[in-house]
Amino acid sequence: MSTGGRARRAAGGALLLVVPVAAAVVGPFVTDSVVPSDGMPYTLGDGHPLGTDALGRDVLTLVLRGGASALGVACAAVALAVAAGAVLGLAAASARSRWLDDLLMRPVELLLPLPSLLVISVVGVGWRGHPVAVTLAVAVLNVPAVARLLRAAALDAASGPVAEAMRLQGESPARVLFGHVGRAVLPVAAADAGTRVGGAVFTVAAANFLGLGLDPTSPDWGVVIAASREALFVQPWAVLAPTLMLVMFVVGVNLLADGLLPGAARNRKRVLAWSR
């Protein structure tokens, strides 16, 4: 893709992100912490620009308020997954013995085939409806894939001449690991995180939609969609407005990541193919 095409893709992604990100950041400050249920269920008009939901709550207020949890939980989960996966992957790539590599990676890889919604339901048993439970569950789901990707991406840098020279000079393993190897895989990690955020948003939304995530009365976009899906043809905005926010965010993140980090995105795809 040409430079102009990448710039247009990045600009389009940034444009799509404006509305959902603004809603997530600004919404909690311009709406009440508790969305009042003072309207009739599934009505349009009467001071409600987008109508009301099943509980009589203003849909516009729910959309403005729900982004903080929908996007915040997903972004926090990906940040935790990248941090944990980076430590495991880089340490495994830098391991001087095969047994240490296996010790680090094999237990993590056992999590790969587990269904995402099963993990969310198990992790959330003790914290049903709490954002921390959903965040930890989504992070756990993403750690194995991140660790495998960054291990594969870091192998060349970890065994290369620069890393060997640093070891011979007496540099600490942590400095070699994070100062050299970590910087070498940073573009791949950034491209992967951008792609992974979109998947995490949909995972969180799916968990909330199925009742495995946040409280059913939460203003989260996924919860609102689940609560109003039966009235799609009666009050469509109760479903379409939060759905549109989710789609705009996911598509925008992917376009922005591909536009700003085209080389890293291609390297990520090559590393993924090789690591399989």
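The values are calculated or read from the model by the stated rules, or taken from the named source; none is laboratory data. All of these numbers come straight from a predicted model, not from anything done at the bench. Cβ sites come from the backbone with ideal geometry, for glycine too, and all protein chains shown count toward neighbours.
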Counted residues, region 115-144 - those being assigned to a loop (DSSP other than H, G, I, E, B) and either modelled with pLDDT under 80 or over 18 Å from the mean Cα position of the chain (by Cα) (or both): 6
Considering only region 32-74, state which residues are at pLDDT below 85 and within 25 Å of the chain's Cα centre (by Cα). SER33
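Among the residues of region 45-63, which ones are of a type in the set (A, V, I, L, M, F, W, C), surrounded by fewer than 24 Cβ atoms within 10 Å (Cβ to Cβ) and assigned to a helix (DSSP H, G or I)?
LEU60
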Looking at GLU164, is it loosely packed, with under 13 Cβ neighbours inside 10 Å, farther than 23 Å from LEU80 by Cα and charged (D, E, K, R)? yes
Could you tell me whether any residue of region 144-160 is surrounded by fewer than 19 Cβ atoms within 10 Å (Cβ to Cβ), out of contact with any helix residue (DSSP H, G or I) (no Cβ under 9 Å at 6 or more places or on another chain) and free of Cβ contacts under 8 Å to residues at least 12 places away in the same chain? no
The condition from (1) in a helix (DSSP H, G or I); (2) farther than 22 Å from GLY13 by Cβ that ALA189 misses is numbered (2)
Give me the pairs: first residue in region 31-43 and more than 14 Å from ASP220 (Cβ to Cβ) and surrounded by fewer than 18 Cβ atoms within 10 Å (Cβ to Cβ), second residue modelled with pLDDT under 80 and not β-branched (Val, Ile, Thr), beta-carbon distance under 9 Å, and six or more apart or on different chains, which are they? MET40/ASP46
Only one of ALA22, ALA70, ALA14 is assigned to a helix (DSSP H, G or I) and either in contact with a strand residue (DSSP E or B) (Cβ under 6 Å, 6 or more places away or on another chain) or free of Cβ contacts under 8 Å to residues at least 12 places away in the same chain (or both). Can you tell me which? ALA22
Looking only at region 197-211, filter to residues that are part of a helix (DSSP H, G or I) and surrounded by fewer than 24 Cβ atoms within 10 Å (Cβ to Cβ); which one of those is modelled with the lowest pLDDT? PHE209
All positions within region 216-260 that are of a type in the set (S, T, N, Q), surrounded by fewer than 23 Cβ atoms within 10 Å (Cβ to Cβ) and either assigned to a helix (DSSP H, G or I) or modelled with pLDDT under 85 (or both): THR217, SER218, THR243, ASN254
Surrounded by fewer than 24 Cβ atoms within 10 Å (Cβ to Cβ), modelled with pLDDT of 90 or more, aliphatic (A, V, I, L, M) and closer than 15 Å to LEU150 by Cα: does that describe ALA84? yes
